[in-house]
Amino acid sequence: MVRAYEYAEPEAPGPHTLYDEALNPYVNKLLDANVETDEALKRVFAFVERLSSSTDKNVRDVVIATILPNLIGEPRLTLARRYMGPATRRLLRKAQQ
């Protein structure tokens with residue numbers, strides 16, 4: 001007899017977990033680096049801007065609930081703000097409320 005759980009797929013991590021465990025540490029590393037990271041930060045925040053501009057509320061929620069809280073209250077927010085586009089800044093204001 002074959003048991004049902006033998007066919008079960010392991011649960012995939014959700015988007016909040018993926019961004020928190022993959023993107024946030026990378027952004028922090030770039031913002032904290034003592035070397036020139038301007039181009040990498042531009043690319044990362046261009047990606048975050050695309051997420052922030054999404055028509056999908058769930059995608060924008062990842063930015064508000066997972067990506068931006070990683071920066072709020074941290075000294076690195078000042079540097080990060082330089083790279084944020086207008087949609088990301090709007091979500092930042094919403095996340096800070």
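Show the residue pairs that are 6+ apart or on different chains and have beta-carbon atoms under 8 Å apart, the first residue being within the stretch 16-37 and without any contact (Cβ under 8 Å) to a residue 40 or more places away in the chain and aliphatic (A, V, I, L, M), the second being assigned to a loop (DSSP other than H, G, I, E, B) and surrounded by 11 or more Cβ atoms within 10 Å (Cβ to Cβ).
Leu30/Thr37
Taking the stretch 38-73 as the region of interest, how many residues are touching a residue at least 40 places away in the same chain (Cβ under 8 Å) and out of contact with any helix residue (DSSP H, G or I) (no Cβ under 8 Å at 6 or more places or on another chain)?
0
Search the stretch 78-96 for residues that are without any contact (Cβ under 8 Å) to a residue 40 or more places away in the chain and pair each with any residue that is surrounded by fewer than 15 Cβ atoms within 10 Å (Cβ to Cβ) when their beta-carbon atoms are under 7 Å apart and the residues are at least 6 apart or on different chains.
Ala95/Ile72; Gln96/Ile72
For the stretch 69-85, how many residues meet the condition of being farther than 11 Å from Phe45 by Cα and not polar (S, T, N, Q)?
The total comes to 9.
We did not get these values from a lab; they are worked out from the coordinates using the rules stated. Given the structure is predicted, the values throughout are model-derived calculations rather than measurements. Methodologically, a virtual Cβ is constructed for each residue, glycine included, from the backbone with ideal geometry; neighbour enumeration extends over all protein chains shown.
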